[in-house]
1. Filter region 18-71 for residues that are aromatic (Phe, Trp, Tyr), part of a helix (DSSP H, G or I), free of Cβ contacts under 8 Å to residues at least 24 places away in the same chain and surrounded by fewer than 19 Cβ atoms within 10 Å (Cβ to Cβ) and give the result.
2. What tally of residues in region 1-36 results from selecting those that are charged (D, E, K, R) and over 20 Å from Leu55 (Cβ atoms)?
3. Which of the residues that make up region 42-58 are more than 9 Å from the chain's Cα centre (by Cα) and under 29 Å from Val5 (Cβ atoms)?
4. Look through Leu30, Leu61, Leu67 and report the one residue that is over 30 Å from Lys2 (Cα atoms) and modelled with pLDDT under 95.
5. Test of understanding: among Val5, Val12, which residue is surrounded by 13 or more Cβ atoms within 10 Å (Cβ to Cβ), of a type in the set (Val, Ile, Thr) and not in a loop (DSSP other than H, G, I, E, B)?
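The values are calculated or read from the model by the stated rules, or taken from the named source; none is laboratory data. Please read these numbers as outputs of a predicted model, since none were measured by experiment. Every residue, glycine among them, receives a Cβ derived from its backbone with ideal geometry; neighbour counts consider all protein chains shown.
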Amino acid sequence: MKRVVNGIKEGVSVFVFIVIIAIIINYMDLNTRENNIWNYLGNFEIIKIFDDNALNGLIVLGILIGLGVFV
């Protein structure tokens, strides 16, 4: 049970860290449209938080990495 709780905590912390990075990038208005991986994941429109598809793709990538850390 302790391993499951630790896995959940690590997965959530990775996700929160990536969300904070996405908010900072959005606030600084950096050009993220050239990142092909983030754009590709953002085009699926799984999550629609930001107007920029690349930042939405970064959030999806954070979810995938968080799930990978949990497993």
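1. Matches in region 18-71: Tyr27, Tyr40.
2. Looking only at that region, the number is 4.
3. Ile46, Ile47, Ile49
4. One residue alone meets the criteria, Leu30.
5. Selected residue: Val12, the only one of Val5, Val12 that is surrounded by 13 or more Cβ atoms within 10 Å (Cβ to Cβ), of a type in the set (Val, Ile, Thr) and not in a loop (DSSP other than H, G, I, E, B).
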